[in-house]
Every structure is written in C-alpha cells, then in structure tokens.
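Q: Before we start, here is the structure in question, set down as structure tokens.
The values are calculated or read from the model by the stated rules, or taken from the named source; none is laboratory data. Small disclaimer: the values here were computed from a predicted structure and weren't measured. Cβ coordinates were reconstructed from backbone atoms using ideal geometry, including for glycine residues, and neighbour counts include every protein chain displayed.
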Amino acid sequence: MIANHIHDALAQVRRLQEYILEKRLFRGYSGPARMAGGVVALAGAFALSRNCVPTEPLTHLIGWGVVLSCALTLNYGGFFVWFLFSSQSKRELIRAMPVVDAIPALAVGAVFSLAMSIGKHYELLFGTWMCLYGLAHVSYRMSLPMANYVVGIFYIACGSVCLLMQVPVTDPWPMGFVFFVGEISGGLVLHRNNYIQRGENPNADSK
C-alpha cells in the first residue's frame, strides 16, 4: 500500500517536472524558415561553385554575405511574426529573451570574421563560423529541445574539422553541405517543438 503511494507520488513529481520543462521551451523560431535557410546555404554553395564565378576570396565572402542576409531575413522574419501575432508571445519582451542568448557568440563570430579577413586568413573562416554558430545553439540548451543542442555539437564538430584542415573559403561545398544538414535538422526539431505546443501529433500524417 505504502509502495503504491510512493510510486504515485514519484509519478506526480515526474509529470510536474515535465510540465515545468515544457513551459520553459521557447517557440519563437520557425522550423520551416530555418529549413529554408538550409536550402539557401546549399543553393549558395551551388552558385559559388560555378566556373563563371571568380576564384577570389572577396567574391566568395560577398556570396556568403548574401546567403547570411537571406537566412537572417527568413529566421528573424519568422520570429517577429511570432512575436507580433502569436497568442503565446503576448508581445511581452520577456518571452523573447531567449533570442538574446545567441547574440554574444554571433557577435564574436562577426569580430573574428573581420579580423581574419583583414589578416587574409580566409582558410579559418568556415571553421570559425561553424564553431561559433554551434556555440549559439548550446546557449539555448535550457529553452529549446535537447535535439537542438545535438545540432550545435554537430556544427562544432564540423567546424573543428574545417579549422584543422584549413578549408579554403573558395571551396563552397563544405560550408553549404554542413549548413544544409544542420539547418534542415534544426528546422525539423523546431517544427516538432511547435507542433507539440499546439497539441498536435507530428506523426499523425504517417499513420
């Protein structure tokens, strides 16, 4: 009898923990927008690999700058739509604070990129971008599903390999492939996360 009460109490504690963790999850990012960013990265790699594109590093930096601009527009556009129109956000800035968590890593990435470009250490750019973007994922470990943390580790691992191999910035495929896989995976994580919030079953269509 006592064992049953203990078992019920432990089950209630687990349910309470799950409820608290569920409420802490941030749902301001759009899964489809992030996946679209991955497609843009792969398309950018394809465009930069054409024979008609100059092999100068500056040309490739401009190309990846365009890719970054498109990805930022997609992702933060989706965030602002959520913030302005979602009943969950209620237009309260405190609910958007997880977005701020990624800013330090991304800002350091911008500084490193500028410093490496000035010093013409172009072969370190891809690895640096991947590693710092991965660290931005790690900063969301308390507000996004654990699978998003795993995506961050994927970026850090790939970035470490690129740094050690000193992949040239004029070879767009490592960058395009890594960000395509990472953003598609991360987008699926966010899409599932937002489905669960609405009480929908993401596997319903497969039944």
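Q: Is there any pair linking a residue in segment 56-79 that is at negative phi to one that is of a type in the set (Lys, Arg), with Cβ under 9 Å and at least six apart or on different chains, and which?
A: Pro57/Lys120; Ala71/Arg34; Leu74/Arg34; Asn75/Arg34; Gly78/Arg34
Q: For the structure I just gave you, tell me whether Gly127 is buried (at least 19 other Cβ atoms within 10 Å of the Cβ), without any contact (Cβ under 8 Å) to a residue 40 or more places away in the chain, closer than 19 Å to Leu68 by Cβ and among the small types (Gly, Ala, Ser).
A: The answer is no for Gly127.
Q: On to the next question. Whether any residue in segment 145-158 is closer than 23 Å to Ile62 by Cα and surrounded by 18 or more Cβ atoms within 10 Å (Cβ to Cβ) is what I want to check. Break it down stepwise before answering.
A: Residues of segment 145-158 closer than 23 Å to Ile62 by Cα: 155, 158.
From the residues that got through so far, the ones that are surrounded by 18 or more Cβ atoms within 10 Å (Cβ to Cβ) too are 155, 158.
Looking for residues that are closer than 23 Å to Ile62 by Cα and surrounded by 18 or more Cβ atoms within 10 Å (Cβ to Cβ), one finds at least one in segment 145-158, hence yes.
Q: Right, next: Which residues, taken from segment 167-207, are outside any helix (DSSP H, G or I) and either modelled with pLDDT under 95 or more than 24 Å from Leu72 (Cβ to Cβ) (or both)?
A: Across segment 167-207, the qualifying residues are Pro168, Arg198, Gly199, Glu200, Asn201, Pro202, Asn203, Lys207.
Q: For segment 123-163, enumerate the residues that are touching a helix residue (DSSP H, G or I) at 6+ places or on another chain (Cβ under 6 Å), in a helix (DSSP H, G or I) and small (Gly, Ala, Ser).
A: Gly127, Gly134, Ala136, Ala147, Gly152, Gly159
Q: I'd like the full set of residues that are more than 16 Å from Gly65 (Cα to Cα) and out of contact with any helix residue (DSSP H, G or I) (no Cβ under 7 Å at 6 or more places or on another chain), limited to segment 92-114.
A: Glu92, Leu93, Ile94, Arg95, Met97, Pro98, Val100, Asp101, Ile103, Pro104
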